[in-house]
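Nothing in this text is a laboratory measurement; each read-out follows from the coordinates by a stated rule. This is a predicted model, so every value here is computed, not measured. Counting neighbours? That spans all protein chains shown, and the Cβs are built from the backbone with ideal geometry, glycine included.
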Amino acid sequence: MKLAVAILISGSGSNMVKLVKSMDDEHPAFPSVVISSRSDAPGLKKAQDLGVPTEVIDAHYFKKNHLDFEKELIQTLKFYNVEIICLAGFMKILSKKFIDNFRDRILNIHPSLLPKYRGLNTHARAIEANDPIAGCSVHLVTPELDGGPILAQSEVLIKKNETEKSLASKVLLEEHVLYPKVLLNFSNQIRKKEL
Ligand code: GAR
């Protein structure tokens, strides 16, 4: 039996597309559902076009009660028997209680070379600091924001006159290669542990 993967998005979903496409016949996992925290996320249509079931859990609707948002999220993940969660541009912070429900089963891609630049505006901060390199990291999600064990990273050079936008596009291309690789290794490891 293949491992069921949920991909959580809030926006464009370009990483989600790469993850879905990477899960071919030989892959130990399959994309069981794409869940968006926004009803207007462009990634939703991309997932539908790829034939992956989609769900919207509208964070705006649950604005005043994050716990209810997470309850709904957990119910949906259980409905799809999800075994691995990939956060891919999912812009909601998850509570310790939620994370404990899926201990060591949640991956996130972050657009910086962690532990540098947790949180937002990572590219602007790297340029501002005159860093020679930037990049992306895939890490396990723990209650510490962007602070879980790093599984893999990819680097890009920051050129003279680099803008936030040009750096973001370069890093995104690296994300598209890195995240599917990490998901494949991670799924294989889980498979081995289960045997
Ligand atoms: C990606 O760059 C991802 O690393 C970042 O959002 C973008 C989503 O793009 N994630 C975060 O900043 C999470 N803190 P995508 O929707 O096209 O995959």
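Taking region 5-21 on its own, how many of its residues are surrounded by fewer than 17 Cβ atoms within 10 Å (Cβ to Cβ) and more than 8 Å from the ligand (Cβ to nearest atom)?
Narrowing region 5-21 to residues surrounded by fewer than 17 Cβ atoms within 10 Å (Cβ to Cβ): 12, 21.
Now drop any that are not more than 8 Å from the ligand (Cβ to nearest atom), which leaves 21.
Looking only at that region, the number is 1.
Is it true that residue 107 is in contact (Cβ under 8 Å) with a residue 24 or more places away in the chain, in contact with a Cys (Cβ under 6 Å, 6 or more places away or on another chain) and not in a loop (DSSP other than H, G, I, E, B)? Yes: the conditions hold for residue 107.
Being closer than 19 Å to residue 94 by Cα and touching a helix residue (DSSP H, G or I) at 6+ places or on another chain (Cβ under 6 Å) is the filter here; which residues of region 142-176 pass it? Show your work before the answer.
First pass over region 142-176, keeping only residues closer than 19 Å to residue 94 by Cα: 142-150.
143 - this is the single residue of region 142-176 that is closer than 19 Å to residue 94 by Cα and touching a helix residue (DSSP H, G or I) at 6+ places or on another chain (Cβ under 6 Å).
What residue, among those in region 122-145 that are within 13 Å of the ligand (Cβ to nearest atom) and either among the basic types (Lys, Arg) or without any contact (Cβ under 8 Å) to a residue 40 or more places away in the chain (or both), is surrounded by the most Cβ atoms within 10 Å (Cβ to Cβ)? Among those residues, the one meeting the criterion is 134. Criterion applied to 22, 36, 95 was being of a type in the set (Ser, Thr, Tyr) and touching an Asp or Glu at 6+ places or on another chain (Cβ under 7 Å), and the one residue passing it is 95. Against the numbered list (1) within 30 Å of residue 4 (Cβ to Cβ); (2) of a type in the set (Gly, Ala, Ser); (3) away from the ligand (no atom under 13 Å from the Cβ), residue 148 comes up short only at (3).
With respect to (1) under 26 Å from residue 21 (Cα atoms); (2) free of Cβ contacts under 8 Å to residues at least 12 places away in the same chain, the lone exception for residue 159 is condition (1). Answer yes or no: is there a residue in region 152-172 that is exposed (fewer than 14 other Cβ atoms within 10 Å of the Cβ) and touching an Asp or Glu at 6+ places or on another chain (Cβ under 9 Å). Looking for residues that are exposed (fewer than 14 other Cβ atoms within 10 Å of the Cβ) and touching an Asp or Glu at 6+ places or on another chain (Cβ under 9 Å), one finds at least one in region 152-172, hence yes.
Which residue is farthest from residue 107 (Cα to Cα), if the candidates are limited to region 174-193 and must be surrounded by 15 or more Cβ atoms within 10 Å (Cβ to Cβ) and within 16 Å of the ligand (Cβ to nearest atom)? Write out each step before concluding.
Looking only at region 174-193, we keep the residues that are surrounded by 15 or more Cβ atoms within 10 Å (Cβ to Cβ), and these are 174-176, 178-180, 182-184, 186-187, 190.
Still in the running and within 16 Å of the ligand (Cβ to nearest atom): 174-176, 178-180, 182-183.
Details: 174: 16, 175: 13, 176: 14, 178: 12, 179: 9, 180: 11, 182: 9, 183: 8 Å.
Ranking the candidates gives 174 first.
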